[in-house]
Number of protein chains: 2
Amino acid sequence: MENRNFIVQGDICWCKDPQTLETRAGAFLVCAGGKSAGVFSRLPEQYAAFPLLDYSGRLIIPGLVDLHIHAPQFAFRGLGMDLELLEWLETRAFPEEAKYRDLQYARRAYGLLVEHLKKGPNTRLVIFATVHTPATLLLMDLLEESGLVSLTGKVNMDRNSPDILREAGAAASLAETGEWLEACFSRNSGSGYKNTRPILTPRFIPSCSDELMRGLGDLRRKYRLPVQSHLSENKKEIEWVRKLCPESGGYGAAYDGFGLFGAAADAPSAAPVVMAHCVWSDEKEIALMAGQGVFAAHCPQSNTNLSSGIAPVRHFLEAGVPAGLGSDIAGGVHSSIFRAMVDAIQVSKLRRSLLGLDEKALSMEEVFYLGTAGGGAFFERCGMGRAGSFEPGCDFDALVIEDTDIAAPFGLSIRERLERTVYLSEERHITAKYVRGRKISR
Amino acid sequence: MENRNFIVQGDICWCKDPQTLETRAGAFLVCAGGKSAGVFSRLPEQYAAFPLLDYSGRLIIPGLVDLHIHAPQFAFRGLGMDLELLEWLETRAFPEEAKYRDLQYARRAYGLLVEHLKKGPNTRLVIFATVHTPATLLLMDLLEESGLVSLTGKVNMDRNSPDILREAGAAASLAETGEWLEACFSRNSGSGYKNTRPILTPRFIPSCSDELMRGLGDLRRKYRLPVQSHLSENKKEIEWVRKLCPESGGYGAAYDGFGLFGAAADAPSAAPVVMAHCVWSDEKEIALMAGQGVFAAHCPQSNTNLSSGIAPVRHFLEAGVPAGLGSDIAGGVHSSIFRAMVDAIQVSKLRRSLLGLDEKALSMEEVFYLGTAGGGAFFERCGMGRAGSFEPGCDFDALVIEDTDIAAPFGLSIRERLERTVYLSEERHITAKYVRGRKISR
């Protein structure tokens, strides 16, 4: 068992809240038992015996959180991006996902994904796998081995899906999900999974029958499981859901009707729900999300690549919807949440300028918050530790960034170095990566 | 003198025209005297004696062309991106540009820029310097030394500019420009500059008096010099130009009135003009550009970052406006034209989806063309060699890309590897970089 009591010294930077960036030059960040004990300008006596890792001159920031990624789509990220959505799904996404029936293929493909994720800046992820239980468990094993913290879902889909992926009815899908959950729980006990948990994953309403959705709602209540799905990504999809659930009063409300949205009245401590996209969520849906504490995973690059639109993130923040960022591999091409931060700023500017809205663009502080503590709050709500910050008590998820080769002819403040890191850093700039006090890369 | 007769072997890929991507697996690209002699599946007998460089399994593509970059703004790229345009100019751009009066500062800052450019994927650049002649010449010396091919302009600005940068009237600005040109010409002769040329650079109409513009028009005719400037970047600027040049009939037409737009009737062989941005160019301006062969430098990231809008690139292509891509450092943060290619695709999708336009998004082939042969055509028009392609007779500007760590669990075509390189490659993937047959990096 490695030592999870140590100190890192460097130029430390984290978000206290969405507007407040804290910076400390040459300071000490204490890791005690895998958690942050705080950031100090002078080292308190009580930690004098902890080993000190000297990262002087480097930037130390919280690990990044990806709230939405499709693991099987990593294999074809950055391919076929000129296709229209439906053609892309039919020629790229569905045939690729079908391959994960073959465990040998899954081992190769998921192996590449997890190796890639270990080296990048994300430390926690909320993941769609496929409908296949063995491949999903294999992915979870690989993630556990990597040291990353993750919530992974075996996907449910029993209608309006290609034959190669559609499960044989609600009962079969639910039975398979039950088996998958049993396998997860047995791995969760004893010396099994420490960083890896299951999350219920109906693909989205159009591909799940009412019976399946209700059954998943039951499983959610029974096991207090978190849920992930897609919400209001594009206009045609919303119209489709309106036809499929005419009584619901809206897309989010339809999830709610199945017990798969926020905290239901009969389960105030329910595990949380995260919905990807929410591009076209109206004020009513936003209010429902805020009221029930449903997380929005903003995936700006995917929404651009797939011509979905630009999500009203400023409204989420003002209404109090808990929000974070997602790569949405492979609708998005880039796994790094640094890229999602830049994309989020840029599309917020375009939303304002192209649509003529009187709406402030997102600031660097705001997107840095979304990509760290904002997404990290989802893991806290799942009982997997506070994440995405260095406030005392947070899990020690940290990146050490060697940014000196992003050169400038004048001195830079820590805030300026962070802005450059967000915009300009590449994989090679990550010198060390810690998750829960364990060094997992470099 | 190094040997500029050699052969590279690898997976070769280039644009024949905007729609046609050529790919040859395991083929031979012959460099003869610094120029492409063509791509061959079997090596012709006549080149049997040329040394062979084995880049098997790597991608070999033409060097990228940046049609618009502000060299002094590189120092603060990725800083202050949350500021509004005017505040950004006042707190970042203008104070930084003023520093280039100090040659020692210029040496440090331009040194960092040129080192950075050498390692990146761009091989040719059209560059704004500052108003300062010594610093501009220093930059040109550094560029010549680097092996990159470039057109660099000492900036002219004699009105509506901050005191720290404004030149003391049209006569002073023109005299200074004359001195700068003399210095360039003397370096161009004998064993001096081989890859480096001057380009006339009025900042834009609002910051140049009519007298200055007319004088620059005279210099253009006298020396057959190319010209670069800014055009129709944002709506307020266009309104301003309308007030400053009420008789002109438009922004582009105003440049034309000063003899600083396309080929004037009295100078059919005039060197070409490149205009950055053209975000709000209307059909009339687009027709004028097409008719006179004025190049558009599309700078998608800058237009996003500065909330300018999205240029009608599809219209440029349909109307026959010669076009390429620009990083517009530091309105754009990223110098790599790979990033500009991705940005160009993405904003073309947003233009369509957000504005509800019935307009095809740009394809990967189209942006690859714009960022290579499209921009390269500007250099050809300047008599600096055909560039951006491997068609026989083109200058041998080539990148060797080691893309195997952009891993996939299945085989990829060369076209697919190119798409991934455009979206996902980082600096480390460039294994070798040649300009005019000379290896300048790795």
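What follows draws every value from the coordinates through simple rules; no lab data is involved. Just so it is clear, the model here is predicted, and its values are computed rather than measured. When we count neighbours, we look across all protein chains shown, and the Cβ atoms used for this are built from the backbone with ideal geometry, even at glycine.
Points to keep in mind about this one:
- Estimated FRET transfer efficiency when R0 is 41 angstrom, pair B:GLU115-A:GLU115 (beta carbons, to 0.05): 0.85
- Peptide packing for A:98-109, A:218-229, B:119-130, B:418-429 was compared via the average number of neighbouring C-beta atoms within 10 Å per residue; ordered from the highest value, the list is B:119-130, B:418-429, A:218-229, A:98-109.
- 7 Å along Cα→Cβ, label-point gaps from A:PHE185 to other copies, nm, shortest first: 8.8
- Relative packing of B:231-244, B:300-313, which averages over residues the other C-beta atoms within 10 Å, highest first: B:300-313, B:231-244
- Cα shape, region A:296-442, gyration tensor, a/c 1.5 rule: oblate
- To the nearest ten degrees, helix A:103-119 and the longest principal axis of the Cα atoms of chain A are 30 degrees apart.
- Sequence-ordered 3J(HN,Hα) estimates for region B:324-338 from the Karplus curve with 6.51, -1.76 and 1.60 and θ = phi - 60° stand at x, 10, x, 7, 6, 3, 10, x, x, 8, 9, 6, 5, 6, 4 Hz, glycine and proline given as x.
- Between B:GLN104 and B:GLU90, the distance separating the two model label sites (each 7 Å from Cα on the Cα→Cβ line) works out to 3.1 nm.
- The distance separating the Cα centre of region B:142-219 from that of region A:278-307 comes to 50 Å.
- With a threshold of 30 Å on the Cα-Cα distance, the over-threshold entries among A:LYS349/B:LYS16; A:LYS154/A:LYS235; B:LYS16/B:LYS118 are A:LYS349/B:LYS16.
- Distances, shortest first, from the label point of B:TRP240 to those at the same position in the other copies read 4.8 nm; the point lies 7 Å along Cα to C-beta.
- Cβ-Cβ distance of A:SER413 and A:LYS439, R₀ of 45 Å, FRET efficiency by 1/(1 + (r/R0)^6): the value works out to about 0.95.
- Protection-proxy order for peptides A:82-93, B:174-185, each taking the mean of Cβ atoms within 10 Å per residue, highest first: B:174-185, A:82-93
- Gyration tensor (Cα) of the protein assembly as shown, equivalent ellipsoid semi-axes in angstrom: 48, 29, 28
- Karplus-derived 3J(HN,Hα), 6.51/-1.76/1.60, for each residue of region A:236-252, Hz, glycine and proline x: 5, 4, 5, 4, 5, 5, 4, 6, 6, 10, x, 8, 6, x, x, 6, x
- Spacing of the two label points (7 Å from each Cα toward its C-beta) at B:ARG166 and B:GLU182, in nm: 2.8 nm
- Inter-copy separations for B:LYS16, label at 7 Å along Cα-Cβ, nm, ascending: 6.4
- Value at 222 nm in deg cm²/dmol, rounded to 500, when DSSP H runs of n ≥ 4 in chain A each add -39,500 (n - 2.57): -10500 deg cm²/dmol
- Label-to-label distance, nm, for residues given as A:ALA253 and A:GLU380 (7 Å Cα→Cβ offset): 3.2 nm
- By DSSP, the beta bridges lying fully in the protein assembly as shown are antiparallel in about 45 percent of cases.
- Shape of region A:64-381, Cα gyration tensor, a/c cut at 1.5: rounded
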